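Q: The structure follows.
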Amino acid sequence: MLKPRLLAMIGAVVIPAMVMVLSCQQAAYYGQDITPELYPDNSAIVLSKSRIHECEFVLEREKTHVWGVVEYTKIEEHTKVKILTESGLEKFGDMISLVFRKENSDYEVEARVISPDGKVSDVGPENITLLEIGKHYKQYRIAFPGLRVGSVIEVEEKIKSQNGDMAGRWDFAHEVPTLRSELVFKVPSGSKVRFNYAPPRGDEREITPTAEGKYDIYRFVMENIPPFNRERFMSADHVGNPTLRYYTYHISNETQERAVGIEEGSLKGQPYHMTWHNIAKIYNTYYDHICWEANKKSKEYRKGKNAFIEEFKRGEFTDTESMLRSFVSSFRENYQAIESGYFFRYTNPEEAYITKEGNSFELAYIMREMLTNLGMASSVVLVRDISEGLLDRKMPALNAFTDVILNLETGGNEYWIDPGSHMCRFDQVPWQCRGVDGLWLLPNGEFVFKKVSMRDAEYNRFVNLDKVEITEEGDLNGIAKITIAGQNLILLRKRIDEDEEGRFTEELIDLFKERYPVDFDEKELTIVEDGDDSLVVTYHYHMPDFADVAGGFINIDFSGWIGSSYMDVFEDEGRLYDIHFPYLRCDRACVRIKVPAGMVAVELPKDASRENDCFRYTRTVDMDRDTVTFRRCMIIKNPTIAAGDYEKVKQFIGETYKLDRETMVLKAASM
Amino acid sequence: MKPITAFMLLSIFAAVWLSCASKESGYYPVTRALDLDLTDDQAKAGAVILLEEDHIDIRNRDLCYWDHRQVKRILRPRQSEEGIFRFPDNKDLQVMTIQARAVYPDGREEMLTELDIERLPDFGQFVLYSDNCSRVFDFSGLRPGTVMEVKVRYRIDNLAFVPNTNFQKQIPILEKRFRLEHPADIDISIYAVGMEREPDTIITISGDRREMRWDRFNIEAFEPERSMPPAPQYLPSLWISVLETHELGTELDLSSWQGIADWYDDLSRSSMKCGRGIGRLVAEEKLPGRSDEEVARAIFHRVQRDFRYVAIYFGLGGLKPHEAEKTVEKLYGDCKDQSVVLATALREAGIESRLVSVRTASVGRFENPQPSVGYFNHVIVRVDLPGGSMFLDPTCKTCSFGVLPHVLQGAHGLVIGEEGAGLIVLPFGGVQKNRFTTNTAIRINDNGEAVLCDTLRCSGYFSEIYRNYFENREGQTPEKIAKKLFLDDYPFAEIVKFEMRGADPSSDCLVMQLEAWIPEYAEDRQTLFLKPAMHRAALPEIETDDRKYPLHLGVLHELRYETVVELPDGWILDGLPESLVMENDFLRFAGTYDRTERGFRLLRMREIRIDVVPTDVLLDIEEAARSIRKFEESKVLIQKM
């Protein structure tokens, strides 16, 4: 069987290439009147897309006298796209279906091309290829023949499976404009369904279905949807792309009685009444050490675990924190994290222990067990990576979470530990897990939602203190002391494999070269302090022709010393979606420049200080005898800028950008 | 205990012991793997290959086995990539057996055979449909001290597909052994890249068989350098060619390039038949009064515009083009399909044309390589017109007529269907020079704001590249793209007008007209230093320290930039930077400042004359590049009255 990692590799290739999946069947939408002139900046138009998603449970005879529940999901999708440019031919001319299992899925696909003169041609089987992917999976690929600019492609897909997929997500927008998009969700009558539009439509009322036989039918239609293209520094896709997420959270007793003959709200041991309470219960059960250690395979685990723990019990630690610090470090050396977005499906702490690698859930599980044995109780906190979109409290779902971290209080201090992140050191979690709601699993099987606090800007600082000297020719020699802290440091550690000897220094040099266009002797780079939360380095550098020298004047440009001006965030004319910075941060520079003796300032930037809801900026430039002191500080105070404030903040940033580019002109006092 | 029982028990013990012993003895001893001393450099790597053995055993003219063995030790945490293995498994390179074993530091052992390992289709970048497959598996939970060993046996029925062998990888190799065994009466040719071609040892086995051996030890990891020519040119490798006639769709003689050209000529001939579809295409483009060149141009642009790239590689599909008529019907095909349509249509129009097999420049150009089918990865067309021959690539959707895409310029090609066929080097630029010319007028007002009028002319591959930027601009206006491309240093600039002439590749060149307002152009100061250079001419910084490989300066081209700056009244030009003129074998640069009636003019010209700079002159080139960078940054001193 394919391992999840291999499947993910296949998916990584296949899924981004998927061209279309959805549509509707409106004869009026052939799009004869859609011309490139109407959409000069788009390569194609999605004329219509629709999905009919139907799920059902039936009781079927499996053997002569045994009855079993069979779940069915039927999904019919219909897509029509009109090609407007040659670039559209390349983008929409081929279709790659999802990868699906052979055993319990039936897949049918029909496709046709409507040429610009209205002639309809079926896409023959020679243009539709079935690819076998290993023993269990398959995929269809279509190359639309005879396609020209002005052609319409049409695809109808039908998937029938014995998986009870009672949830889904429908993206109404695409990278090109969409004229009509429709979702129909058919569920057994009496089922309870949750829907969530994003961005919110302010329509919180209960959506009423239409009854049709034994089904309840929910229908959603949007028309004339503008293209969705990601903007830089935005949060997850669904913030901008009109999206509907939906799922059935309760199957009616009538349906269960009809299909299964039971009245309890549970099928196959899994609750169909999906609530946060049930989800917490499921995760807590995973963590039930009695359950787990009763497993026959657990001997090896217990033996190894005990040995590992005994080492720390025997160790001589001055306090609890030093033991915890040592434990976390040792744990990370022994257990490696693998990325898996599916930990709610593929979780096996047994195997993770044996293979010494696991997803964040498995590692959190193992670490929590060990900490408990060391006498430190910890809480498991499930969080949703903020870059995947905020957790939707209205939509309880097992897959709502992407990361698992631990919280513990000991010795009067609170600690956060990310067991699966090798770039995080003790008491650090990545920015993606900060400032978001976390589901805390309590030892009594209950749960509570609490926010994982966000660290302040000063914690995530990038500070450079430089002392430099400029010659009469404009060459510069200097020494810099750089402090990289907090999330900046975590990102650096993510980028650099600290375990590779020598590589860390090389990468640091590259990093500084990106930041300063300088030459420096790498032998002069020294790591002064390599702490958990901050890294301090010093280096000597040399910049030939740093200052402009002409006519007895010297021009000093300070822009090489500043961090980001954030101008790149505001380069667009307007903004559709909120800007979201990953974390609060502070960029501070203090540079003392010794200029050739006898120079006086003729153009000196004035001190400047400005602030708004999101940023705080200060800049001063002083000259005292032969030394110029440049100080600059830029702080992100608030990670989110509403799209409506874009122009206002852009103006602010524009002003600071201009301030940052102000230069200083010196001339010889004798001139 | 009865003797018979004792005998049976002993027999069972012996069998079990023998089975265990043979199982273990077939593998590299783990203790040895862990005890091997590593040099300081080797120890820095994430993993090392302790042993790599390749044994190519040519049994006869129709059968060859290739045994590959690799033993790898993990040295550092988080080396999961080193645990992923992929081995091709196709008709031509058929996996017979795979054995794979991982021994973890805690003694746990994981074993895989071909029964456990899935055969998965290859998802190439361009290949939409293919029956190429690979055996893919991974060992997870790798940590320092894990030892993995993989053994694969291939069967090769067609000796045209005897594989090449690399002697260097991204991680160090402690021991690399390569053996080539073959009947003495089969003529073998060996081409070596970056290593000695001659074997270390030649052994004659039982009179009619020979074995050649190459053994290398302590091979350092291959570390690519920035701006180096394609890496395959520098990775030590041996290419094995069986100089026999092979059956590959038709007869293939690997003893000369002529043999390959003849083979491809035969293979593609049946696809190049003119039918109704091609006939109609030609009739629509061969209009009365059009010259041969005009007809060739029209047919080229028709194929370029109407056919999209779809690769179908079933059976011989990776080599043999589909029938031209079928491709015309479907309006899609890969490079060889589209080139076959183009060449067939040109011939039908009475214009001489040939297919040309090409090795794209990005995968390296080798010196006098030996003939092999796998040397080429692309097909284009040569058209012979009264004014001369030119090369056409119908898959390049933004190339002008007679201009090759930049990835083919300077690449190796083989003209098909000609006597005396041999490798040729495709021209730089084709019928046009690769040239980018700008004429920029900047008028500054009293507040330091500027009005910019810029005319940008592209020919050769510059047209291809800039058309591409504007062709693939989903949802973005041309003005936005232009601002990003040409005014990125001026975030407050506003495009007033942007026009393109020649955006369609049927034009010979692309001309863009840009007008913009730049509010922050000059600082509002009494004394100011103004940097007038727009459109970069500087070469990127060249790492010269400990550089092992030559520097690739890119496709030969020429840049010509003129900037005229008009100053407002009362702004006095206090000093102009000095001119810089330099010339060597590889590049030429001239940058000059002149005063004008209202301000000054800056002229810059940069020409790349040779694309690859050998390491022994790198310091000179970096010195030149440094001077150019300094000139580019130079500023003009202005005083306001």
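The values are calculated or read from the model by the stated rules, or taken from the named source; none is laboratory data. None of these values were measured; they are calculated from a predicted model. Cβ atoms come from the backbone with ideal geometry, glycine included; neighbour counts cover every protein chain shown.
Q: Out of the strands (runs of 3 or more DSSP E) lying entirely within the range A:42-117, which hold 3 or more residues that are buried (at least 23 other Cβ atoms within 10 Å of the Cβ), at pLDDT 90 or above and away from every other protein chain (no Cβ under 13 Å)?
A: Passing ranges, in order: A:44-61, A:67-83.
Q: Would you pick out the residues in the range A:385-410 that are in contact with a helix residue (DSSP H, G or I) (Cβ under 9 Å, 6 or more places away or on another chain) and not aliphatic (A, V, I, L, M)?
A: Scanning the range A:385-410 gives A:Asp385, A:Ser387, A:Glu388, A:Gly389, A:Asp392, A:Arg393, A:Pro396, A:Phe401, A:Thr402, A:Asp403, A:Thr410.
Q: From the list A:Gly478, A:Gly474, pick out the single residue that is crowded, with 16+ Cβ neighbours inside 10 Å, within 12 Å of chain B (Cβ to nearest Cβ) and modelled with pLDDT of 85 or more.
A: Selected residue: A:Gly474, the only one of A:Gly478, A:Gly474 that is crowded, with 16+ Cβ neighbours inside 10 Å, within 12 Å of chain B (Cβ to nearest Cβ) and modelled with pLDDT of 85 or more.
Q: Tell me the residue from B:Arg443, B:Arg467 that is more than 24 Å from B:Asp306 (Cα to Cα) and either at pLDDT 95 or above or outside any helix (DSSP H, G or I) (or both), please.
A: Just a single option satisfies the conditions, and that option is B:Arg443.
Q: Does B:Ala522 qualify as being hydrophobic (A, V, I, L, M, F, W, C), within 14 Å of chain A (Cβ to nearest Cβ) and either buried (at least 18 other Cβ atoms within 10 Å of the Cβ) or over 25 Å from B:Gly430 (Cβ atoms) (or both)?
A: Considered against the rule, which asks whether it is hydrophobic (A, V, I, L, M, F, W, C), within 14 Å of chain A (Cβ to nearest Cβ) and either buried (at least 18 other Cβ atoms within 10 Å of the Cβ) or over 25 Å from B:Gly430 (Cβ atoms) (or both), B:Ala522 comes out as yes.
Q: Now, a different point. Would you check which residues across the range B:446-464 are in contact with a His (Cβ under 6 Å, 6 or more places away or on another chain) and assigned to a loop (DSSP other than H, G, I, E, B) and list them?
A: None - no residue of the range B:446-464 is in contact with a His (Cβ under 6 Å, 6 or more places away or on another chain) and assigned to a loop (DSSP other than H, G, I, E, B), so the list stays empty.
Q: Then there is this: Which of the following residues is more than 10 Å from every other protein chain (Cβ to nearest Cβ), charged (D, E, K, R) and over 30 Å from B:Glu211 (Cβ atoms): B:Glu118, B:Glu109?
A: None of the other options fit; the residue is B:Glu109.
Q: Give the residues of the range B:561-601 that are assigned to a strand (DSSP E or B) and closer than 24 Å to B:Glu622 by Cβ, sorted by residue number.
A: B:Tyr561, B:Leu580, B:Val581, B:Met582, B:Glu583, B:Leu587, B:Arg588, B:Phe589, B:Ala590, B:Gly591, B:Thr592
Q: Of the residues that make up the range A:434-446, is at least one modelled with pLDDT under 95, polar (S, T, N, Q) and more than 22 Å from A:Ser360 (Cβ to Cβ)?
A: yes
Q: Before we move on, is B:Arg297 over 28 Å from B:Phe167 (Cα atoms), surrounded by fewer than 21 Cβ atoms within 10 Å (Cβ to Cβ) and more than 26 Å from the chain's Cα centre (by Cα)?
A: no
Q: The conditions are (1) touching a residue at least 60 places away in the same chain (Cβ under 8 Å); (2) aliphatic (A, V, I, L, M); (3) buried (at least 20 other Cβ atoms within 10 Å of the Cβ); (4) within 12 Å of chain B (Cβ to nearest Cβ), and A:Val149 fails exactly one of them. Which is it?
A: (3)
Q: Name the residue that is modelled with the lowest pLDDT, counting only residues in the range A:511-521 that are surrounded by 12 or more Cβ atoms within 10 Å (Cβ to Cβ) and part of a helix (DSSP H, G or I).
A: Looking at residues that are surrounded by 12 or more Cβ atoms within 10 Å (Cβ to Cβ) and part of a helix (DSSP H, G or I), I get A:Arg515.
Q: For the list (1) within 14 Å of chain B (Cβ to nearest Cβ); (2) of a type outside the set (Val, Ile, Thr); (3) touching a residue at least 40 places away in the same chain (Cβ under 8 Å), I need the number of the one condition that A:Pro639 fails.
A: (1)
Q: Right, something else. Collect the residues in the range B:92-120 that are of a type in the set (Lys, Arg) and either in contact with a Cys (Cβ under 9 Å, 6 or more places away or on another chain) or at pLDDT 90 or above (or both), keeping them in residue-number order.
A: Residues satisfying the conditions are B:Arg101, B:Arg119.
Q: Scan the range A:562-596 for residues that are part of a loop (DSSP other than H, G, I, E, B) and at pLDDT 90 or above and jot them down.
A: Matches in the range A:562-596: A:Tyr566, A:Tyr583, A:Leu584, A:Arg585, A:Val595, A:Pro596.
Q: Let me ask something else. Quick one: how many residues across the range B:56-74 are over 29 Å from the mean Cα position of the chain (by Cα) and either away from chain A (no Cβ under 14 Å) or surrounded by fewer than 18 Cβ atoms within 10 Å (Cβ to Cβ) (or both)?
A: Residues that pass the stated criteria total 11.
Q: Cβ-Cβ distance below 6 Å, separation of 6 or more or different chains: which pairs start in the range B:39-55 with a residue that is more than 10 Å from every other protein chain (Cβ to nearest Cβ) and end on one that is buried (at least 16 other Cβ atoms within 10 Å of the Cβ) and acidic (Asp, Glu)?
A: Listed pairs, sorted by first residue: B:Ala47/B:Glu82; B:Leu51/B:Glu175; B:His55/B:Asp67.
Q: Still on this structure, I have one more. For the range B:300-321, indicate whether the set of residues that are more than 14 Å from chain A (Cβ to nearest Cβ), part of a helix (DSSP H, G or I) and closer than 17 Å to B:Cys399 by Cα is non-empty.
A: yes
Q: If I go through the range A:220-233 residue by residue, how many of them are of a type outside the set (Phe, Trp, Tyr), more than 14 Å from chain B (Cβ to nearest Cβ) and out of contact with any Asp or Glu (no Cβ under 7 Å at 6 or more places or on another chain)?
A: Of the residues in that region, 3 qualify.
Q: What residue, among those in the range A:352-389 that are in a loop (DSSP other than H, G, I, E, B) and of a type in the set (D, E, K, R), is nearest to the other protein chains (Cβ to nearest Cβ)?
A: A:Lys356
Q: So, one more: Go through the residues of the range B:220-234 one by one and say whether even a single one is modelled with pLDDT of 95 or more, in a strand (DSSP E or B) and of a type outside the set (A, V, I, L, M).
A: no
Q: Is there a residue being under 21 Å from B:Phe217 (Cα atoms), within 14 Å of chain A (Cβ to nearest Cβ), in contact with a Lys or Arg (Cβ under 8 Å, 6 or more places away or on another chain) and not in a strand (DSSP E or B) anywhere in the range B:75-87?
A: Yes, the conditions are met somewhere in the range B:75-87.
Q: So which residues in the range B:140-161 are assigned to a loop (DSSP other than H, G, I, E, B) and either in contact with a Ser or Thr (Cβ under 7 Å, 6 or more places away or on another chain) or modelled with pLDDT under 90 (or both)?
A: B:Ser140, B:Gly141, B:Leu142, B:Arg143, B:Pro144
Q: Only one of B:Glu325, B:Glu285 is modelled with pLDDT of 95 or more, more than 14 Å from every other protein chain (Cβ to nearest Cβ) and in contact with a helix residue (DSSP H, G or I) (Cβ under 7 Å, 6 or more places away or on another chain); which?
A: The conditions single out B:Glu285.
Q: Also, quick follow-up: Quick one: count up the residues across the range B:584-641 that are polar (S, T, N, Q), within 14 Å of another protein chain (Cβ to nearest Cβ) and under 28 Å from the mean Cα position of the chain (by Cα).
A: Going through the range B:584-641 one residue at a time, the tally reaches 0.
Residue-by-condition table, conditions (1) free of Cβ contacts under 8 Å to residues at least 40 places away in the same chain; (2) in contact with an Asp or Glu (Cβ under 7 Å, 6 or more places away or on another chain); (3) in a loop (DSSP other than H, G, I, E, B):
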site: B:Ile481; (1), (2), (3): yes, no, no
site: B:Pro491; (1), (2), (3): yes, yes, yes
site: B:Glu499; (1), (2), (3): yes, no, no
site: B:Asp504; (1), (2), (3): yes, no, yes
site: B:Asp508; (1), (2), (3): no, no, yes
site: B:Val511; (1), (2), (3): no, no, no
